[in-house]
Amino acid sequence: MPPDSPPAALAAPELPTSPQPGVVALFFAFARMSLAGFGGVLAFARRGIVEQHRWMTADEFNETFALCHFLPGPNIVNLSVVFGSRFRGIPGGIAAFAGLVGPPTVLMTILAALYARYGDIDALRRVLAGVSCGAVGLLLSVVFKMMMPLIKRRDATGFVLLVAVFAAVGLMRLPLQLVLLVAAPISIFIAFVMRRRASA
């Protein structure tokens, strides 16, 4: 292997083969994601962006979603704006955001009115309990898919950071903001050092 070749763990991700989406395509893509996203849109957003449309690789999606964790507001809303702006600037960000929140807002307004009238029905409560179980399953599924790039690269450092953050937030109950303030600089520093070594 030539000396200037990066190691397998830092190999460049495969580039998407699909052309960049237009403003209209962004709106309808995120509208479909939001209307299909029972229990959370993240799983459907990843499937649509990475697997169906192939607008991003799995690594690019993970990196973009990680960036959205550092922005105020819901992560999936941040993702729509960042993603749309990346391809079509401000109009693309607005189109993706409108597609994500517009149709569900209309639908939820109608459902809220129906729930206010019929929410005391026991059968409806059992249905909602079943939907919540499905939402947990969707979340576990997308977490596993987002871990696959780490598994394929055998990125031990990434796994250590993943477990450390999970333990800090999930087990030790430390504030998320504090954990991010510590974990983000460490992650950036490690990535910088590894890239420097790869290019040396």
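Summary of computed values
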item: Between 0 and 90°, nearest 10: helix 176-199 axis offset from the chain longest Cα axis; result: 40
item: Calculated diffusion of the chain, Stokes-Einstein form, Kirkwood radius summed over Cα pairs, 20 °C and 1.002 mPa s, µm²/s; result: 112
item: Hull-based mean projected area of the stretch 73-160, where the convex hull spans the alpha carbons, in square nanometres; result: 8.7
item: Taking Ser141, Ser199 and counting other C-beta atoms within 10 Å, the order from fewest to most; result: Ser199, Ser141
item: Computed E for Arg195/Arg54 - FRET, C-beta separation, R0 30 angstrom, nearest 0.05; result: 0.70
item: Convex hull volume of the stretch 155-200 per residue (C-alpha atoms, cubic angstrom); result: 48
item: Shape call, the stretch 27-85: gyration tensor on alpha carbons, a/c limit 1.5; result: oblate
item: Per-pair calculated FRET efficiency, R0 = 35 Å: Arg32 and Ile186 via Cβ, rounded to 0.05; result: 0.40
item: Solution diffusion estimate, µm²/s, Stokes-Einstein, the stretch 116-192, Kirkwood Rh from C-alpha pairs, 37 °C, viscosity 0.692 mPa s; result: 212
item: Chain lengthening between Ala66 and Ala156 when straightened (0.36 nm per residue, less Cα-Cα); result: 30.6 nm
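Each reported figure results from applying straightforward, stated rules to the coordinates on display, with no laboratory input. Since we're looking at a predicted model, the values are computed, not measured. Virtual Cβ from ideal backbone geometry, glycine too; neighbours counted across all protein chains shown.
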